[in-house]
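The values are calculated or read from the model by the stated rules, or taken from the named source; none is laboratory data. Values in this document were obtained by computation on a predicted structure and should not be read as measured data. All Cβ positions, glycine included, derive from the backbone under ideal geometry; neighbour counts span all protein chains shown.
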Protein chains: 2
Amino acid sequence: MKITKDLYQSSLALLTDFYQLTMAYAYWKSGKAEQEAVFNLFFRKNPFQGGFTLAAGLDYVIDFCRNFRFDKDDLEYLAEMKNSDGTPTFESAFMEYLEHMEFKCDLEAVEEGTVIFPHTPMVKVKGPLIQCQLLETPLLNIMNFQTLIATKAARITYAAKGDSVLEFGLRRAQGIDGALAASRASYIGGCSATSNVMAGKLFGIPVSGTHAHSWIMSFDTELEAFEAYADAFPDKCVFLVDTYDTINGIKNAIEVGKILRAKGKEMLGIRIDSGDLAYYSNIAREMLDTAGFPNAKIVASNDLDEQIITSLKIQEASIDIWGVGTKLVTAYDQPALGAVYKLSAIKNTEGKWEPKVKVSQQSIKINIPGEHNAIRFIRNGKAVADMIYLETEDLSKTSFTIIDPIDPTKRKKIMTKGLEQEKLLIPIFIAGQKVYERPNLGQIKENARRNLNLFDKAHKRLVNPHIYPVGLEESLYQLRTDLVFKMKNYDGEESNI
Amino acid sequence: MKITKDLYQSSLALLTDFYQLTMAYAYWKSGKAEQEAVFNLFFRKNPFQGGFTLAAGLDYVIDFCRNFRFDKDDLEYLAEMKNSDGTPTFESAFMEYLEHMEFKCDLEAVEEGTVIFPHTPMVKVKGPLIQCQLLETPLLNIMNFQTLIATKAARITYAAKGDSVLEFGLRRAQGIDGALAASRASYIGGCSATSNVMAGKLFGIPVSGTHAHSWIMSFDTELEAFEAYADAFPDKCVFLVDTYDTINGIKNAIEVGKILRAKGKEMLGIRIDSGDLAYYSNIAREMLDTAGFPNAKIVASNDLDEQIITSLKIQEASIDIWGVGTKLVTAYDQPALGAVYKLSAIKNTEGKWEPKVKVSQQSIKINIPGEHNAIRFIRNGKAVADMIYLETEDLSKTSFTIIDPIDPTKRKKIMTKGLEQEKLLIPIFIAGQKVYERPNLGQIKENARRNLNLFDKAHKRLVNPHIYPVGLEESLYQLRTDLVFKMKNYDGEESNI
């Protein structure tokens, strides 16, 4: 097992659920492998009981699709699988088919940093059934996690009301790229820096950090430790003051701050990592001000999230910079988004597209059929509503009615005059060729900022947000209803609600 | 950004918090880089409000340490960092020092699959201060996550009372190795297979899976879909019955089961992925039995965890195999373990080891000083107590008193006669050389099983478990108390509780 160095050198095609491969084989056996299909990746509820979601992960999806192929050792692994009678699970002709498989789907997606809501596709894949199917698991893995963390970061930075938020989560993150992808998504969502040096190197995110308790403990006294740190980094002194006693720590920081000043340098501030942050930050502020350090910043950390930051803000804690870790990078209160990837249309043997629904006893689990897209209506820089519509829809109409996908009594009529329209899903690959020019991470972060500004603060409220209207265009709604009735067979002998 | 293929080819030395590097530099500047130190990695509370923790992750730690070095591009990245006045953050002599750094620590650890409790070190690193410090973050990242998931898996398989548990979490896991490491740790903790094909390939874990709703939806009828699947995998038919209507789905599965039987094959069973699992599994059992399929298994999935499995067991649901995903691989109810890594001793300039404590206002945050290890006392195959002791302790004594690290009124006297002793931390690296023979994953899984069997079921109870006794040997307890008193300076002018 060579996790640290060699793991990601080979293709990631096997990073999928085994049932995708058994289905792939069975599609191939049934002559359906190349039948064209449309799948949509979407989620059903905003995370964290919030009012919005911030999309992230597309850049990884692009990499995944570009590298999509079965390598020799992947095929060798599959070839070794046996049935109970000792025959190979997969015929050798199928292995050859996999060996020569090239990604040739159309893929549309919302750009990273786009605010998105339940039921709207974040990614749409159209292509050979077998390829669409094999992409399901990795696309979900990538989009679920990064979207979750970007959203969490947007909530936390919203709570910080413009203060700088630093992401410190590497040590508690779920695995190596659980950390790296989280650093990237956190930066997109609004954090200003990360502690993760590799994320800094790979993604160009600013890195941040000074010293830990162990630094202090490795010296005989805290004062010596602060002095030694100031010698090494006269320009970057943020002293961690709570190793032994916070008040004494602040006194020692001030003492070294004065030594620095005598040398023409200024300490940047102090950090408090334990105890009552409201209480100690206010004491620290007063001590620093009194000692002539009104510009020294106070950094706070210790299991912070958007709720605790809000509470500290209400208590008027004197905190300038927020270090967040575990609660951000693991999305502690809801560590999975729960996006799904559903077949919505398939081309039948006569070459005609058939829309598809999966019926469920839970209404929220009924997917949206057909090939659809979504558009955002904007008035004077503020988003008014999103409409999910069939690709065949005429978007130049002067009015639309949208219907809530769960509660058909909730409808909204939209007069398009004077409204800007922003298409949410845009082409990324056409027939397997990338047609999308990737923005850099700074542009993605700016897109997130712009997107979040489109929405009224009522939708961004952390608790009990105002629900932003997203609906199915009437004819799409009707199509879905008809299909569900047909599948549920209410005219048949016995049927279930 | 090349996440999928090239990310893990370079060294992982930069997979650390930036403050580890600033401290490393400052240690080097202060002449302390090679000063010898001891750090311990431990956690303070069992996860999930449970009574035990199952260690995992050591194999990754070994890989990390063996590959530990700063590559050329790592150093180039660091060399580009600048102070506010434009001078380089790190002197070039320091870069040279990093370039030639070779891992030369002693490292001891508990083996994977060991049951472990709060305060006991899971990993102990002894070596140059600078190296110990640089290892902190990656070791925490690895051990925190895998230990968390192995523990969760042990709880879930405990709830399943011997039934097979399959891990299905890839699509909701936190990143790529958030999934892979979780599959591995889940297998160690007791799962019998994974859906993650790459985890199967890399780690040799059995893979499992049949088909999804999309398989059914790609055919005109469910019956056709089942028939086509049975054609491709006559030996491996587990039919997913809830795409449209669960009862009809079971009828269709039975129909295809009869076709298979006519060809001399047996369907393995059915899977239910939604709706009331207790209700539908019992109906399914009755229908399958009546139709002559008493051996067909019923697989259930849909947001299962140990609590829901326990509830379904109490309701006498007819479920034979449990598919668990999100709640397992993200450790949904507690997605981070919170282990820490603390300096416990340092060799002073006279070559004498000095024990160290970090004092805190929260008593649980006071670490255990000195170079210590832990031993488990076992009577007739059952663990009696764990003792944390100074390496200088004489283990041949006939009795020990252990004291709870938090509440000194909780003590236990241990007469060693007739007790087996199992040392928990064993040597992995000595002076940077691996001395540990790695077990394979099957052996690790067996070690976990053996370890879990050492403990009374009262400690494994999912809710309100009986607390297993773990204490500090008296003289270690006394050392800690003395150091805390000294640090808190109760004899000084003004001191705080």
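Scanning the stretch B:167-208 for residues that are more than 10 Å from chain A (Cβ to nearest Cβ) and farther than 14 Å from residue A:178 by Cβ gives B:167, B:186, B:187, B:188, B:189, B:190, B:191, B:192, B:205. Kindly indicate whether residue B:286 is among the acidic types (Asp, Glu), out of contact with any Gly (no Cβ under 9 Å at 6 or more places or on another chain) and surrounded by fewer than 18 Cβ atoms within 10 Å (Cβ to Cβ). Considered against the rule, which asks whether it is among the acidic types (Asp, Glu), out of contact with any Gly (no Cβ under 9 Å at 6 or more places or on another chain) and surrounded by fewer than 18 Cβ atoms within 10 Å (Cβ to Cβ), residue B:286 comes out as yes.
When restricted to residues that are more than 23 Å from residue B:345 (Cβ to Cβ), away from every other protein chain (no Cβ under 11 Å) and hydrophobic (A, V, I, L, M, F, W, C), the stretch A:213-268 contains 10. The set of residues in the stretch A:461-481 being in contact with a Lys or Arg (Cβ under 8 Å, 6 or more places away or on another chain) and either more than 20 Å from residue A:410 (Cβ to Cβ) or small (Gly, Ala, Ser) (or both) consists of A:462, A:471.
Residue B:330 versus (1) surrounded by 23 or more Cβ atoms within 10 Å (Cβ to Cβ); (2) more than 8 Å from chain A (Cβ to nearest Cβ): which is the lone unmet condition? Condition (2) is where residue B:330 drops out.
Residues in the stretch A:269-292 that are β-branched (Val, Ile, Thr) and either in contact with a helix residue (DSSP H, G or I) (Cβ under 8 Å, 6 or more places away or on another chain) or within 14 Å of chain B (Cβ to nearest Cβ) (or both) were compared, and the one that is farthest from residue A:317 (Cα to Cα) is A:270.
You will find that of B:423, B:342, the residue that is in contact with a Lys or Arg (Cβ under 9 Å, 6 or more places away or on another chain), more than 30 Å from residue B:192 (Cβ to Cβ), among the charged types (D, E, K, R) and buried (at least 16 other Cβ atoms within 10 Å of the Cβ) is B:342 and no other. Residues in the stretch B:205-249 that are buried (at least 21 other Cβ atoms within 10 Å of the Cβ), in contact with a Leu (Cβ under 9 Å, 6 or more places away or on another chain) and either assigned to a loop (DSSP other than H, G, I, E, B) or of a type in the set (D, E, K, R) (or both): B:205, B:208, B:209, B:210, B:211, B:212, B:218, B:237. Of A:95, A:81, all but one fail to be away from chain B (no Cβ under 12 Å) and on the phi < 0 side of the Ramachandran plot; the exception is A:95.
Among the residues of the stretch B:298-320, the ones that are closer than 28 Å to residue B:257 by Cα, buried (at least 18 other Cβ atoms within 10 Å of the Cβ) and either within 14 Å of chain A (Cβ to nearest Cβ) or among the charged types (D, E, K, R) (or both) come to 3 in all. Residues in the stretch A:309-342 that are part of a strand (DSSP E or B) and over 16 Å from residue A:163 (Cα atoms): A:340, A:341, A:342. Restricting the search to helices (runs of 4 or more DSSP H) fully inside the stretch A:1-104 and requiring at least 2 residues that are touching a His at 6+ places or on another chain (Cβ under 8 Å) and surrounded by 15 or more Cβ atoms within 10 Å (Cβ to Cβ) gives A:18-29. Taken over the stretch A:160-192, the criterion of being among the charged types (D, E, K, R), buried (at least 24 other Cβ atoms within 10 Å of the Cβ) and modelled with pLDDT of 95 or more is satisfied by A:167, A:171, A:172, A:184. With respect to being under 22 Å from residue A:126 (Cβ atoms), in the same structural domain as residue A:52 (by TED's automatic domain parsing) and within 21 Å of the chain's Cα centre (by Cα), residue A:436 fits the description.
To keep it simple, each residue is scored yes or no on (1) part of a helix (DSSP H, G or I); (2) over 30 Å from residue B:348 (Cα atoms).
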| residue | (1), (2) |
| --- | --- |
| B:136 | yes, no |
| B:165 | no, yes |
| B:171 | yes, yes |
| B:178 | yes, yes |
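For the criterion of being at negative phi and more than 12 Å from chain B (Cβ to nearest Cβ), residue A:124 passes.
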